[in-house]
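Since the structure comes first, as structure tokens, the remarks are kept for the end.
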Amino acid sequence: MSTAIIYSRYGGPDVLTPAEVDAPEPGPGQVRIKVRAAAVNPIDLKLRSGMMAGIMPVEFPHLPGWDVAGVVDEVGEGATASVGDEVFGVASFGGYSEYALLERPVAKPAEVSFASAAALVTVGETAYRGLHHLGAEEGETLLIHGAGGSVGTIAVQLAAARGITVVATAGEHDLQRLTKLGASAVRYGEGWLERVKAAAPQGVDRVFDASGAGVLADSIALTGDAGRVITIADMAAAQHGVRFTGADPTDRLPQALPELADLMAAGKLDLPIGATYPLAEAARAHADIEARHARGKVILLP
């Protein structure tokens, strides 16, 4: 048996309840891990609330979560990891649990904590993918909207390391941190366009929108081409001729995770952990995120 968090109806954080479930058994190519850390992502909250029911309905009872890190304790035939290996990745069986299954386990470097490895999975791949599909190149100027969030924070670091000039919009409290990461950081909100133009008098070549704050039209005007703008957060993308990335699983780049883990192990990639909670307090973690009490990634510890 395994302790897990489940919910049997859509609703607020209070629908999340601890339960005893059967521990999953790994099939061919899979490994089972004893979960040491599981990340909470915004999609978890949207699924739980029913906001995504028309697009991604869940079957009840539902065991949420995808991003996990832990120690392999059982392997299926043909698995690419061995018992005792420390790994992380996307769980194919809910991550808010003592045990989870991974189909593509990624070796966790010893220098990276379980919490940081779990935190990296979705946001790291998303940032890497956005830059890849956008095609930003050395010497160009890239504007990143919503850079204070986890995806934006990683995108700033990856782009700066590639010799790209980064302008980042974020809240006042994140500006100093983003400046230290290599960006010209400006406050978002009313007047952001003028502030970006002042920060990038040479112009903006490409835009990565991680905010979903209705910035696409002005971003297209900045670059002169909708093909130079990408979003992971604005569902109105198609109306503007902008590429939305993330809805199609075939669009993703899971092969990015080993590279990102190596960068983190080498001290070249930082991802702030905002708060950690015992697994049994998943409801409180969700409530704190919704109340914006948590800054940085939120991690559950089974």
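Couple of notes before you dig in:
- Lone unmet requirement of (1) more than 22 Å from Met235 (Cα to Cα); (2) in a helix (DSSP H, G or I) for Gly27: (2)
- Close pairs from the stretch 284-302: first assigned by TED's automatic domain parsing to the domain that holds Gly12, partner crowded, with 20+ Cβ neighbours inside 10 Å and acidic (Asp, Glu), Cβ under 8 Å, at least 6 apart: His286/Asp44
- Which listed residue is touching a residue at least 12 places away in the same chain (Cβ under 8 Å), closer than 30 Å to Glu259 by Cβ and either crowded, with 17+ Cβ neighbours inside 10 Å or within 21 Å of the chain's Cα centre (by Cα) (or both), from Ile164, Ile220: Ile164
- Residue in the stretch 89-102 that is in contact with a Pro (Cβ under 6 Å, 6 or more places away or on another chain) and of a type in the set (D, E, K, R) present: yes
- Subset of the stretch 48-84 (residues that are more than 19 Å from Val123 (Cβ to Cβ), in a loop (DSSP other than H, G, I, E, B), in contact (Cβ under 8 Å) with a residue 24 or more places away in the chain and not hydrophobic (A, V, I, L, M, F, W, C)): Gly50, Pro61, Gly76, Glu77, Gly78, Thr80
- Residue match in the stretch 253-270 (condition: within 19 Å of Gly95 (Cα to Cα), modelled with pLDDT under 95 and not assigned by TED's automatic domain parsing to the domain that holds Val106): yes
- If the condition is being over 24 Å from Asn41 (Cα atoms) and touching a residue at least 60 places away in the same chain (Cβ under 8 Å), then the stretch 187-217 contributes Gln202, Gly203, Val204, Asp205, Arg206.
- Test: residue in the stretch 86-104 that is farther than 15 Å from Ala37 by Cα, of a type in the set (Gly, Ala, Ser), in contact (Cβ under 8 Å) with a residue 24 or more places away in the chain and in contact with a helix residue (DSSP H, G or I) (Cβ under 9 Å, 6 or more places away or on another chain): no
- Any hit, the stretch 85-97, residues being acidic (Asp, Glu) and either more than 15 Å from His286 (Cβ to Cβ) or assigned to a loop (DSSP other than H, G, I, E, B) (or both): yes
- Elements of type strands (runs of 3 or more DSSP E) contained in the stretch 227-302, each with 3 or more residues being under 27 Å from Val106 (Cβ atoms): 273-278, 297-301
- Reported count of residues in the stretch 140-161, each being touching a Lys or Arg at 6+ places or on another chain (Cβ under 9 Å) and surrounded by fewer than 24 Cβ atoms within 10 Å (Cβ to Cβ), is 4.
- Leading residue by the ranking (modelled with the lowest pLDDT) among those in the stretch 76-95 that are surrounded by fewer than 19 Cβ atoms within 10 Å (Cβ to Cβ) and farther than 24 Å from Pro18 by Cβ: Thr80
- Filtering the stretch 19-41 to residues that are surrounded by 15 or more Cβ atoms within 10 Å (Cβ to Cβ) and not small (Gly, Ala, Ser) leaves Val21, Pro24, Pro26, Gln30, Val31, Arg32, Ile33, Lys34, Val35, Arg36, Val40, Asn41.
- Qualifying residue in the stretch 36-43 (condition: closer than 19 Å to Arg292 by Cα, at pLDDT below 95, under 19 Å from the mean Cα position of the chain (by Cα) and not in a loop (DSSP other than H, G, I, E, B)): yes
- Residues considered: Ala237, Ala280, Ala275. Of these, the only one that is crowded, with 20+ Cβ neighbours inside 10 Å and either in the same structural domain as Arg48 (by TED's automatic domain parsing) or touching a strand residue (DSSP E or B) at 6+ places or on another chain (Cβ under 9 Å) (or both) is Ala237.
- Entirely in the stretch 99-204, the strands (runs of 3 or more DSSP E) that have 1 or more residues that are at pLDDT 95 or above and closer than 30 Å to Thr3 by Cα: 99-102
- Of the candidates Gly296, Gly227, the single residue that is in contact with a strand residue (DSSP E or B) (Cβ under 9 Å, 6 or more places away or on another chain), under 22 Å from Ala161 (Cα atoms) and among the small types (Gly, Ala, Ser) is Gly296.
The values are calculated or read from the model by the stated rules, or taken from the named source; none is laboratory data. Just so it is clear, the model here is predicted, and its values are computed rather than measured. Because the Cβ atoms are built from the backbone with ideal geometry, glycine has one as well, and the counts that use them run over all protein chains shown.
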